[in-house]
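Right, one structure below, let's go through it.
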Amino acid sequence: MPKSNLVPDDDYRVLLEELKGRIRSSQIKAAIAVNQELILLYWQIGREILVRQKQQGWGSKVIARLSQDLKREFPDMKGFSTTNLKYMRAFADAWSSFEISQQVLTHLPWGQNTVLLSKLDDTEERLWYAHKAIEHEWSRSALTRHIENKLYQQRLGGVNNFDLTLPKPQSDLARQLIRDPYHLDFLYADENTQDQDLKRLLMAHMREFLLTLGVGFSFVGHNYPIHVGGEDFCVDMLFYHLRLRCFVVIQLEMGEFKPEQSGQMNFYLSAVDSQERQEHDQPTIGIILCSSKNHIIAEYALRNLHNPIAVTEHRIPNVLPSPEQLEFELEHVVKRVENKDS
C-alpha cells in the first residue's frame, strides 16, 4: 500500500503536544541555550519526525506544518525553520546510536554539526572531523575549509611504508602528521623552475614552509652534509620532529616521482641514522616531496625497503609572477643564503 502524505489530526496533535512538552521542559531547566542540551533536543525532534515518517508513512509535508506550529508556539526561539527541521531529521538518521557519539557531537555548535551532515557521508570521517574541530577549536568556516581540502584523506600521509618499518604507535603518529599534498601557496614557480630554484625559494620562506609542514617540526639545516666511504653527500633539508622524536629528511623534486629516488632516500636515512641519531631517537623518516606520483610505482619502490619513507606531493599556485619578479626573488634568496653561510 503506498504511503500517504496525509497525517491523522489526532496523531499529529499528539506529536505536536509531545514536542511542545519537551521544548518547555528544556526551557524550564534553563538549559536550552546550553549547547549540549540544544543538540540533544534537536536530535530528539529529528528522531520523532524520522520514526513517524518511517513507521507510519507520514510524508514530507509534516515538516513544513511542524515548522509553522513550533514557530507560532515559541516565537522567541530560532531554529524551527523547515530547513533546520530537515537537518534535525538528517541528524537523527545519521546518528541512530546517539549515545555513542553524544559526548563528541554535543560539544560542537549546531552549525558545525550541519556542516558534517551536508558535506560528509561516512560516519568514521564525520567523527574524525568532529574530534579535530573540538581539539583545535575550529570555526564553521575552518571546518568547511578542512573538509574541502580533504584533510581526512591527507592524514594517511601519501604512499608510505610506515606500517612495515615503524612500531605501531610510531607508525600511526607518523601517518597522521604527514600530509598529501603539501600546499606551497607562498611560492611562485612553474614547469621551468629547476630543483635548486625551488629549494632556494623554500629556504627564503622557511617560516611559511614550517607552518605548512605542521606542528612539531624543528629545522636543522639545508644541504646538510653527510660523509660516507670517503665521499661527500648532502640532503636537501634535515628536520627534527619533537613529537615523533626523530630526524626527518626531506628531498624536494620538481618532477614526477621516480623509483630511483626511493633508493637515494634509503641511503640518506641509513647515513643519518648512523651519524646523527642518538640512543633516545626513533628511526629517521624520509619524505620525498614531488610534483606528482603514480601510486602503484611508489608502492613498489617502497615495498622492500627497511627505512620509513613517504612519497607525497606538493602543490604550487598557478598564478605566477613576471620573469623579472621571479629573478628578483631568486637573487634575494641567493643573497640571504650566502649571508647565512658566510
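Any chance segment 169-182 includes a residue that's outside any helix (DSSP H, G or I), exposed (fewer than 13 other Cβ atoms within 10 Å of the Cβ) and modelled with pLDDT under 90?
First, pick out the residues of segment 169-182 that are outside any helix (DSSP H, G or I): 178-182.
Now narrow it down to the ones that are exposed (fewer than 13 other Cβ atoms within 10 Å of the Cβ): none.
No, because not a single residue in segment 169-182 is outside any helix (DSSP H, G or I), exposed (fewer than 13 other Cβ atoms within 10 Å of the Cβ) and modelled with pLDDT under 90.
Do we have Arg207 as surrounded by fewer than 15 Cβ atoms within 10 Å (Cβ to Cβ), of a type in the set (Lys, Arg), over 18 Å from Arg243 (Cα atoms) and more than 16 Å from the chain's Cα centre (by Cα) here?
Spelling it out, Arg207 is indeed surrounded by fewer than 15 Cβ atoms within 10 Å (Cβ to Cβ), of a type in the set (Lys, Arg), over 18 Å from Arg243 (Cα atoms) and more than 16 Å from the chain's Cα centre (by Cα).
Scan Phe91, Phe80 and give me the residue that is surrounded by 14 or more Cβ atoms within 10 Å (Cβ to Cβ), within 30 Å of Asp10 (Cβ to Cβ) and under 23 Å from the mean Cα position of the chain (by Cα).
On the way: Phe80 fails: under 23 Å from the mean Cα position of the chain (by Cα).
Answer to the selection: Phe91.
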Only residues in segment 212-227 that are farther than 16 Å from Leu184 by Cβ count as the first member; pair them with residues that are not in a strand (DSSP E or B), Cβ under 6 angstrom, at least 6 apart or cross-chain, and list the lot.
Gly216/Leu242; Gly216/Arg243; Ile226/Ala271
Identify the residue in segment 113-157 that is part of a loop (DSSP other than H, G, I, E, B) and of a type in the set (A, V, I, L, M) and, among all such residues, is surrounded by the most Cβ atoms within 10 Å (Cβ to Cβ).
Leu120
With the checklist (1) open to solvent by 20 Å² or more (accessible area, probe 1.4 Å); (2) touching a Pro at 6+ places or on another chain (Cβ under 7 Å); (3) in contact (Cβ under 8 Å) with a residue 24 or more places away in the chain in hand, flag the one item Asp232 doesn't pass.
(3)
Among the residues of segment 116-172, which ones are farther than 14 Å from Ile309 by Cα and of a type in the set (A, V, I, L, M)?
Leu116, Leu117, Leu120, Leu127, Ala130, Ala133, Ile134, Ala142, Leu143, Ile147, Leu151
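From Tyr240, Tyr224, Tyr268, Tyr300, grab the single residue that is modelled with pLDDT under 95 and not in a loop (DSSP other than H, G, I, E, B). Walk me through it before giving the result.
Numbers: Tyr240 fails: modelled with pLDDT under 95; Tyr224 fails: modelled with pLDDT under 95; Tyr268 fails: modelled with pLDDT under 95.
The match here is Tyr300.
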Considering each residue of segment 247-260, count those that are under 22 Å from Asn304 (Cβ atoms) and either part of a loop (DSSP other than H, G, I, E, B) or touching a helix residue (DSSP H, G or I) at 6+ places or on another chain (Cβ under 8 Å) (or both), and give that number.
6
Can you name the number of the only condition in (1) closer than 24 Å to Leu302 by Cα; (2) in contact (Cβ under 8 Å) with a residue 60 or more places away in the chain that Pro167 fails?
(2)
Could you give every pair whose Cβ atoms fall below 6 Å, whose first residue belongs to segment 125-152 and is within 21 Å of Tyr182 (Cα to Cα), and whose second residue is among the acidic types (Asp, Glu) and surrounded by 15 or more Cβ atoms within 10 Å (Cβ to Cβ), counting only separations of at least 6 or pairs across chains?
Tyr152/Glu125
Out of all the residues in segment 98-112, which are open to solvent by less than 60 Å² (accessible area, probe 1.4 Å) and either among the hydroxyl-bearing types (Ser, Thr, Tyr) or assigned to a helix (DSSP H, G or I) (or both)?
Phe98, Ser101, Gln102, Val104, Leu105, Thr106, Trp110, Gly111, Gln112
Do the conditions hold for Asp163, that is, is it open to solvent by 20 Å² or more (accessible area, probe 1.4 Å), under 21 Å from the mean Cα position of the chain (by Cα) and closer than 28 Å to Leu116 by Cα?
no
Report yes if some residue within segment 126-138 is touching a Ser or Thr at 6+ places or on another chain (Cβ under 8 Å) and of a type outside the set (A, V, I, L, M, F, W, C); otherwise report no.
no
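Out of all the residues in segment 195-204, is one or more touching a Lys or Arg at 6+ places or on another chain (Cβ under 7 Å) and either of a type outside the set (S, T, N, Q) or in a helix (DSSP H, G or I) (or both)? Let's see the steps before the verdict.
If we filter segment 195-204 for residues that are touching a Lys or Arg at 6+ places or on another chain (Cβ under 7 Å), which is where we start, we get 204.
Subset that is either of a type outside the set (S, T, N, Q) or in a helix (DSSP H, G or I) (or both): 204.
Yes, segment 195-204 contains a residue that is touching a Lys or Arg at 6+ places or on another chain (Cβ under 7 Å) and either of a type outside the set (S, T, N, Q) or in a helix (DSSP H, G or I) (or both).
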Does any residue in segment 57-79 that is in contact (Cβ under 8 Å) with a residue 40 or more places away in the chain come within less than 7 Å, Cβ to Cβ, of a residue that is surrounded by 14 or more Cβ atoms within 10 Å (Cβ to Cβ) and of a type in the set (Lys, Arg) six or more places away or on a different chain, and which pairs are these?
Trp58/Arg52; Glu73/Lys20
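The values are calculated or read from the model by the stated rules, or taken from the named source; none is laboratory data. It should be emphasised that the depicted structure is a prediction, and the values quoted were computed from it without experimental measurement. Virtual Cβ from ideal backbone geometry, glycine too; neighbours counted across all protein chains shown. Remember, those area values only see protein heavy atoms, side chains included, never the ligands or the DNA or RNA. Shrake-Rupley method; radii C 1.70, N 1.55, O 1.52, S 1.80 Å.
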